[in-house]
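Heads up: the structure comes next, in structure tokens.
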Ligand SMILES: *Cc1c(COP(=O)(O)O)cnc(C)c1O
């Protein structure tokens, strides 16, 4: 052993600073266990978790359906590779196609891999259409403030410059369209386009739902040429917004959708789902994965879906999410530094007047042992576990109220001092 990592948070911070690629600035928190909607740190303090590992631990921590599925499947079989059949992939695909209205599934291990599969499928499908004599190009239209992941294709369709430029040249042939701008979308669309890429509700971009008109226009434009409508539901899917997929609230079916974050309830798994028409473009050997859809990950995802159905979790998300939003709107009435409350179900963001204030509120919440995060500079984001109860909402809103009140008092004092 070259490095003693020790047991304290400080020991870990020192060791990580030497051993890990420096991709994250972590919060100074060390968690050792979790139960329900709470995480416990190494000193035994409990935290109310309103982020669930960035929308992953959908059923909270230690849900019996998940721990049972892991224990049982780990004794039977963890992995065999995609060279062989096993029951998990079909059982999970049956459930996923039923809840999403899609025809076929490709399993992988993360969000970005699901999105890569979607991009590759769109290019392959356009190629197939060209071979059938259709006039269709290779270009992607993506939206400003989009986020689709960190691999080369995914970053190419991700708007933030700092995620792309250090790795240039990324995949060419991507054009960004202003968010929710119907006229701009129409203007950018042509037979050069093989697909339009949309997050139905942008997550990293600050919890921005697209409008009905925008999504309907994207659908209509794709239908006019055979281009594919790719809807990224990696953050918004699997019940997060109160329906299995957010697009179901618009009554618009995509050609391709992607799922990941909450799909395995904490175990890594992703899925790309598509129509029969789009699936024509893929033949054996064109795309693949060693781990994707392995027996462990599929068993857990099946357990998550079955538990969600049995426990009527979608109804609960709508109920507690509606309550959360209404309590936040009440707070907005009281504190004018809250510019907007946005979201659906349990995918919620509040837009704060300034990035500094958003930072201040966030650290105040962490100091009060409540976890959330900040995205797009000024947005406080909530992606709590689906099992959140109204009493947890009340606790979080009371803490926010206290922090915003403290802030307004201290800025009033500052103004007073400046005037005096
Ligand atoms: C998180 C996220 C991704 C990337 O998922 P990873 O598992 O981190 O690769 C892609 N799209 C959206 C909308 C996301 O929120």
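Quick one: which residue in 307, 301, 278, 216 is in a helix (DSSP H, G or I), in contact with a strand residue (DSSP E or B) (Cβ under 7 Å, 6 or more places away or on another chain) and more than 13 Å from the ligand (Cβ to nearest atom)? Full working, then the answer.
Details: 307 fails: in contact with a strand residue (DSSP E or B) (Cβ under 7 Å, 6 or more places away or on another chain); 301 fails: in contact with a strand residue (DSSP E or B) (Cβ under 7 Å, 6 or more places away or on another chain); 216 fails: in contact with a strand residue (DSSP E or B) (Cβ under 7 Å, 6 or more places away or on another chain).
Exactly one residue qualifies, and that residue is 278.
Taking the numbered list (1) in contact with a helix residue (DSSP H, G or I) (Cβ under 9 Å, 6 or more places away or on another chain); (2) in contact (Cβ under 8 Å) with a residue 24 or more places away in the chain; (3) on the phi > 0 side of the Ramachandran plot in turn, residue 206 passes all entries but (1).
Just one of the listed residues (253, 235) is under 25 Å from residue 125 (Cβ atoms), touching a residue at least 40 places away in the same chain (Cβ under 8 Å) and within 13 Å of the ligand (Cβ to nearest atom), and it is 235. Look at (1) in contact with a strand residue (DSSP E or B) (Cβ under 9 Å, 6 or more places away or on another chain); (2) touching a residue at least 24 places away in the same chain (Cβ under 8 Å) and you find that residue 332 fails only one, number (2). Looking at 148, 63, 86, 79, which one is within 22 Å of residue 198 (Cβ to Cβ) and in contact with a helix residue (DSSP H, G or I) (Cβ under 8 Å, 6 or more places away or on another chain)? The unique qualifying residue is 148.
The single residue among 342, 329 that is surrounded by fewer than 17 Cβ atoms within 10 Å (Cβ to Cβ) and outside any loop (DSSP other than H, G, I, E, B) turns out to be 329.
I'm trying to understand the selection: among the residues of the stretch 219-243, which are closer than 18 Å to residue 115 by Cα and part of a loop (DSSP other than H, G, I, E, B)?
So the first thing to find is which residues in the stretch 219-243 are closer than 18 Å to residue 115 by Cα, and the list is 227-238.
Result: 227, 233, 234, 235, 236, 237, 238.
Throughout, read-outs are computed from the coordinates displayed, never taken from laboratory work. This structure is a prediction, so every number in the text was calculated from the model and none was measured. When we count neighbours, we look across all protein chains shown, and the Cβ atoms used for this are built from the backbone with ideal geometry, even at glycine.
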